[in-house]
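**Q** After the structure tokens below, expect a handful of questions from me.
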Amino acid sequence: MTESAPVLRHPMSKYIREDRQPWIYCPGCSIGIVTNMVARAIDKLGLDFNKVVVVSGIGCSGRSSGYFKTGTYHTTHGRAIAFAEGVKIANPDLEVIVISGDGDIAAIGGNHLIHACRRNIDITVICINNFNYGMTGGQFGPTTEHERYSQTSPRPIGNIEHPFNLVKLAASSGSTFVARWTAVQARRATRSIERAIKKKGFSFVEIIGACPTAYGRMNRLGDGLKMHEHLLEVAEIKNGLPPHEAELEYESKIICGEFVDIEKPEYTAVLRAAHTKFKESI
Amino acid sequence: MDISFNIGGEAGQGIDTIGDLLAQIFVKQGFYTFTHKDFMSRIRGGYNFNVIRVSDRPVHAPSHKYDVIIALTEDAIRRPRDSLVEDGVIIFEDSIEFSDLEPCHFPAPLLKTARKVGGNIRMMNAAALGAILSVLKFPFHLAQDTLAEIFGRKGQKIVEGNIAVAKALFDLTAKEFSRSCSENLSTIKKGPCSDRMMITGNRAVALGAMAANVKWVSSYPMSPSTSVFQDIVSNAEKLRIGTIQTEDEIAALLMAIGASFGGVRSLTTTSGGGFSLMVEALGFAAMTETPVVIYNAQRPGPSTGLPTRTEQSDLLFSVFASQGEFPRIILAPKDPLDGFDVTVRAFNLAEKYQVPVIILGDQYFADSVMNLPRIDVSTVSIDRGKLAKDDDGEYKRHRLTDDGVSPRAFPGDPGKIVVSTGNVHLEDGHITEDPEIRNAMVHKFMNKIPFILEDLNHPTLDGTSDAEMTLLSWGSSWGATNEAMSILSEDGVSINHLHFTDVYPLRDEVLKEVFARASKVIAVEQNTLSQFAKLVRMEVGLSVTHHVNRYDGRPLTARWIIDKLEEVGAL
């Protein structure tokens, strides 16, 4: 018998359900990187895994929750945030993290996003923005740039709509912590995710990622490696920039950093205080 | 001749291409083909396969056995092994580590040959094709012409490369693999079929909609319906069709209703989860008597269920969806050709009766490919229903009429103010709470139903009309059920097949006759609860005697139905 070389375990594998691997993600996809960021943030904060709930919606990013050894809930399309709000209000001791994609969070679930920001419920939303619906083959979505090609915005015209800037959307809807990074800025992004989780209030972290299989191919952006190299090239770090200036132009400029970190009364705390006050009054 | 191929591998490996090439070769030779795609809800990896069935008789369903398996991964070698016919062949890419070799296995250098002979690993598809044709003893020159045709537009170099790779594997297989299929096609003659158009059910729906002059499609992507939307989007510029991908399905149906109110034929496409979101708007379309067509490609539920698999479980949901009561029409095509016809009729019925029409497809219908005859679009007739004339007097959108249908006008029509509301309304479209008007408007809705019923197609009855046993099916279950009926009939069983494409409202004339004659009526459905049988009992008061239900998301086959018929004691 020959002895095979020892296989090193990934340092984050203690948080990951290895029996669910290999990942379903295509080569060159960013979702695995973001999954790692979240695992490292949880690790760094030393959270009790038993008290963490990872919630996701539908699509490629939606499959990320199932890889965590925490309590996870894979919801229906677009409803991750609404579901997560229920979890948090029912048991505010739980650390509730939503990981989902741009289509899920900002199109069909857009209404839930803005209202959760407004309510300021203490959950962390990590939106992996790869500019299209990957799982269904690459249709344009709410973050697809003008004139980009997709299955439903084919050549020669491309997308006639304009995208949301999710940082601006979350900030103006009332989110108390808003950051944006690209998938290649793993350490900075992980630190922001840590802060987002620690934040007592609604936190929104956008991670710009690559979908070489669908969006990259249809827009001739190169393979996964090339797309990630590009992200590194165009990322400009401007921490503390007013969120309305956090521009995102895929070709030339992706403003990254933490843009909002403010204090506001958090929903479940307000709810508890109101109950206490009411009880005292009778 | 009845040969089945199973081509399996990971998502993204090109199994679709091998299947398409193979099917096209047999189509060009004059045979009937049926391709079913079995795939996982993921973009890369996993285990996917295509089943291609080729016959000199029309085929509408996959077979339960495979004559030839092409495997591009280990899973694809092992998983279908038990479904291989006794003298079948499994050809697999020889770089896969697989040591449990049996006489049926042939490790073929598909990638190596593609690289060496063609200079491009993409030509592995042609290599696989060469090996398949070789074990069938299919004359290579016949395939060569087809390959030249298929690859023709890609240039001479690609054509020659693919042919050379296919030929290399064809010869190598003949030399190195002694086993061959029981089907020896060395003396193959032209088959009886002249149908050349290879399309899926979804494409047939898209073509039907475009032939019916659809001018508006608003949809949100959802498997397995999305390709209908994509097909129409791709032709939107040429045919001047307004298309929009909305933020969700609520907006999708509402925009379609808006476009219809604005004067054009409109469609939305979705699957059950999306249809769930549309339910509010469905009632709104009904209350405002705005015609609209909804295509629901069903998949197993509830919730996200099995996104890329098949089920017929949204029938009763479609019959009852929305608060309140109103007429609606539900049509369920039996195969792609029927899909074209159904879609054209859906638009005509929607406008004629000013009601929502739901087309119930499913993943099996949506993704299966058949070769069809050319569709003569000039035979399509368009009936926009009652339109307001200038001399009607004051225009009232919801004017009370004997048949319940009020002439339509559109905002902007000179001299006509078009008013409607989701509240109970007067004839002129303004809100009222008057009980008499409420009753009049309810009667107006319900008065449409007898006229709709007259306009719907009767079910089809195949086989002897006075059989002792009747198989009852609807929608895409037609193919496998009909084949099961033929097999049993040839075996001497007294059996026929009653099938509904127009499922709601329910035409019951033939149903009553069949129930009166047959001692056993068996519902064959791809759901757990025999939803159509329940509908029959609710509407007609007749109960089937046995149930055959498949709900694992996989397609029906004739053999599966026959086995189940035995299991439930119907045979």
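**Q** Assuming R0 = 41 Å, can you tell me the calculated FRET efficiency for the pair residue B:540 and residue B:79, based on Cβ-Cβ distance, to the nearest 0.05? Please list the in-between numbers first.
**A** Details: r = 43 Å, r/R0 = 1.05.
Working from the Cβ atoms, E equals 0.40.
**Q** Report, to the nearest 10°, how far helix B:336-353 tilts away from the longest principal axis of the Cα atoms in chain B, using its own Cα long axis and a range of 0 to 90°.
**A** On a 0 to 90 degree scale, this one is about 10.
**Q** What is the set of long-range amide H partners of residue A:72 at a cut-off below 5 Å, with H atoms built 1.01 Å from backbone N?
**A** Close amide H contacts, sequence-distant or interchain: A:54.
**Q** Can you tell me what share of the DSSP beta bridges in the protein assembly as shown is antiparallel? A percent to the nearest 5 is fine. Walk me through the numbers on the way to the answer.
**A** On the way: 39 of 115 bridges.
Bridges in the protein assembly as shown are about 35 percent antiparallel.
**Q** Out of all DSSP beta bridges in chain A, what portion is antiparallel? Express it as a percent rounded to 5. Don't skip to the end; give the middle numbers.
**A** On the way: 10 of 38 bridges.
Looking only at bridges with both residues in chain A, the antiparallel portion is about 25 percent.
**Q** Could I have the simple spin-label model distance between residue B:428 and residue B:447, label points 7 Å from Cα toward Cβ, reported in nm to one decimal?
**A** Simple spin-label model gives 2.0 nm for this pair.
**Q** How much accessible surface area, in Å² rounded to 10, belongs to the heavy atoms of residue B:216 with a 1.4 Å probe?
**A** Accessible area of residue B:216: about 60 Å².
**Q** Across bins of 5 angstrom width beginning at 0, how are the C-alpha pair distances of region A:121-228 distributed, in whole percent?
**A** 2, 13, 19, 20, 18, 13, 10, 4, 1, 0
**Q** What is the local net charge at residue B:209, summed over the other residues whose Cβ is closer than 13 Å to its Cβ (Lys, Arg +1; Asp, Glu -1)?
**A** Computed value for this residue: +2.
**Q** May I pose another question? Specify the angular offset, from 0 to 90 degrees and rounded to the nearest 10, of the alpha carbon long axis of helix B:435-455 from the longest principal axis of the alpha carbons in chain B.
**A** 40 degrees
**Q** What whole-number volume per residue, in cubic angstrom, does the convex hull of the C-alpha atoms of region B:188-322 give? Could the numbers behind the result be given before it?
**A** Details: hull volume 18.8 nm³, N = 135.
Once divided by residue count, the hull of region B:188-322 is 139 Å³.
**Q** Could I ask something else about it? Please report the net charge: other residues with Cβ closer than 14 Å to the Cβ of residue B:271, K and R +1, D and E -1. Walk me through the numbers on the way to the answer.
**A** Numbers: positive: B:299, B:309; negative: B:248, B:249, B:311, B:314, B:362, B:367.
Value of the local net charge: -4.
**Q** With viscosity set to 0.890 mPa s at 25 °C, what whole-number translational diffusion coefficient in µm²/s follows for region A:168-282 from Stokes-Einstein and a Kirkwood radius over Cα pairs?
**A** Values: Rh = 15.9 Å.
Estimated via Stokes-Einstein, D reaches 154 µm²/s.
**Q** Within 10 Å of each Cβ of B:295-308, how many other protein chain Cβ atoms are there on average? Before the final figure, lay out each step's value.
**A** On the way: counts 0, 0, 0, 0, 0, 0, 0, 1, 5, 7, 0, 0, 3, 0.
What the average comes to for B:295-308 is 1.
**Q** Across the Cα atoms of region B:457-571, what radius of gyration and what greatest pairwise Cα-Cα distance (Dmax) are found, in Å?
**A** 12.7, 36
**Q** Could you give the spread of the C-alpha atoms of region A:200-241 along their three principal axes, from largest to smallest, in whole angstroms?
**A** 40, 20, 14
**Q** Follow-up. Looking only at region B:358-396, which residues have a backbone nitrogen under 13 Å from a spot 7 Å from the Cα of residue B:410 in the C-beta direction?
**A** Within reach of a label on residue B:410, which here means backbone N under 13 Å from a point 7 Å along Cα→Cβ, region B:358-396 contributes B:384-385, B:387-388.
**Q** Could you give me the radius of gyration and the Dmax of region B:250-379, taking only the C-alpha atoms into account and expressing both in angstrom?
**A** Spelled out, the Cα radius of gyration and Dmax of region B:250-379 are 14.5, 43 Å.
**Q** Give the shape of chain A as rounded, prolate or oblate, defined through the alpha-carbon gyration tensor: a ≥ b ≥ c are the square roots of its eigenvalues, a/c under 1.5 means rounded, and otherwise the shape is prolate if a/b is larger than b/c and oblate if not. Let's see the in-between values first.
**A** On the way: a/c = 1.76, a/b = 1.22, b/c = 1.44.
Oblate, since a/c reaches 1.5 and b/c is not below a/b.
**Q** Now for a separate question. I need the Kirkwood Rh of region B:256-301: take the reciprocal of the average 1/r across all distinct C-alpha pairs and report it in angstrom.
**A** So the Kirkwood estimate lands at 11.0 Å.
**Q** In addition: Given a Förster distance of 56 Å, report the FRET efficiency between residue A:247 and residue B:440 from their Cβ-Cβ distance, rounded to the nearest 0.05.
**A** On the way: r = 59 Å, r/R0 = 1.05.
About 0.45, to the nearest 0.05.
**Q** Hey, if you drop one equal point scatterer on each alpha-carbon of chain B and run the Debye formula without solvent, what base-10 log of I(q)/I(0) do you get at q = 0.06, 0.11, 0.13 Å⁻¹?
**A** Ignoring solvent entirely, the Cα scatterers give -0.34, -1.02, -1.29.
**Q** Also: Determine the shielding of peptide A:95-107 by partner chains: average, over its residues, the number of Cβ atoms on other chains within 10 angstrom of each Cβ.
**A** Neighbouring Cβ atoms belonging to other protein chains average 1 per residue here.
**Q** How charged is the neighbourhood of residue B:508? Take every other residue with its Cβ under 14 Å from the Cβ of residue B:508, and add Lys/Arg as +1 and Asp/Glu as -1.
**A** Once all neighbours under 14 Å are counted, the net charge is -2.
**Q** What do you get for Rg/Rh over the protein assembly as shown if you use C-alpha atoms and the Kirkwood form of Rh? Display every interim value, and only then the final one.
**A** Numbers: Rg = 29.3 Å, Rh = 29.5 Å.
In the protein assembly as shown, Rg relative to Rh is 0.99.
**Q** In whole percent, what relative contact order does chain A give with Cα contacts below 8 Å and a gap of six or more residues?
**A** Working: 606 pairs, mean separation 47.6, N = 282.
Normalised by residue count, the contact order of chain A is 17 percent.
**Q** With a 1.4 Å probe and all protein chains in place, put B:57, A:40 in order of accessible area, largest first.
**A** B:57, A:40
**Q** For region B:59-101, which GluC sites (Glu not before Pro) pass both filters: DSSP loop (anything but H, G, I, E, B) and at most 13 other C-beta atoms within 10 Å? Before the final figure, lay out the partial values.
**A** Details: sites: B:74, B:86, B:93, B:97; in loops: B:97.
Here the sparse-neighbourhood loop sites are B:97.
**Q** In degrees from 0 to 90, rounded to the nearest 10, what is the angle of the helix B:226-239 Cα long axis to the longest principal axis of chain B?
**A** Tilt relative to chain B: about 70 degrees.
**Q** Also, quick follow-up: Please work out the Cα center distance from region B:253-317 to region B:529-571, rounded to the nearest Å.
**A** Result: 26 Å between the Cα centres.
**Q** Give the calculated FRET efficiency between residue A:12 and residue A:233 to the nearest 0.05, with a Förster radius of 25 Å applied to their Cβ-Cβ distance.
**A** On the way: r = 27 Å, r/R0 = 1.09.
Rounded to the nearest 0.05, the efficiency is 0.40.
**Q** Let me ask another. Quick one: grab the alpha carbon gyration tensor of region B:2-194, order the square roots of its eigenvalues as a ≥ b ≥ c, and give me rounded if a/c is under 1.5, else prolate or oblate depending on whether a/b is larger than b/c. Could you put the intermediate results ahead of the total?
**A** Working: a/c = 1.24, a/b = 1.05, b/c = 1.19.
Verdict is rounded for region B:2-194.
**Q** If you don't mind, there's one more thing I want to ask. Taking 8 Å as the Cα distance limit and 6 or more residues as the minimum spacing, I'd like the relative contact order of chain B as a percentage.
**A** 12 percent
**Q** Using alpha-carbon positions, what is the distance between the centroids of region A:1-71 and region B:385-441, in Å?
**A** Each part reduced to its Cα centre gives a spacing of 60 Å.
**Q** Short version: what are the Cα gyration tensor semi-axes of region B:454-521, square root of 5 times each eigenvalue, largest first, in whole Å?
**A** Working: eigenvalues 84, 40, 12 Å².
Sorted largest first and rounded, they come to 21, 14, 8 Å.
**Q** What distance in nm separates the simple spin-label points at residue B:387 and residue B:486, each placed 7 Å from Cα in the Cβ direction?
**A** Reported label-point gap for residue B:387 and residue B:486 is 4.4 nm.
**Q** Something else: State the Cα centre-to-centre distance between region B:195-233 and region B:458-488 in whole Å.
**A** A separation of 28 Å, based on Cα centres.
The values are calculated or read from the model by the stated rules, or taken from the named source; none is laboratory data. Everything numeric here is computed off the predicted structure, so don't read it as measured data. A quick note on method: Cβ atoms are made from the backbone with ideal geometry, for glycine too, and the neighbour counts reach across all protein chains shown. Heavy atoms of the whole protein, side chains included, go into the accessibility calculation; ligands, DNA and RNA do not. Shrake-Rupley method; radii C 1.70, N 1.55, O 1.52, S 1.80 Å.
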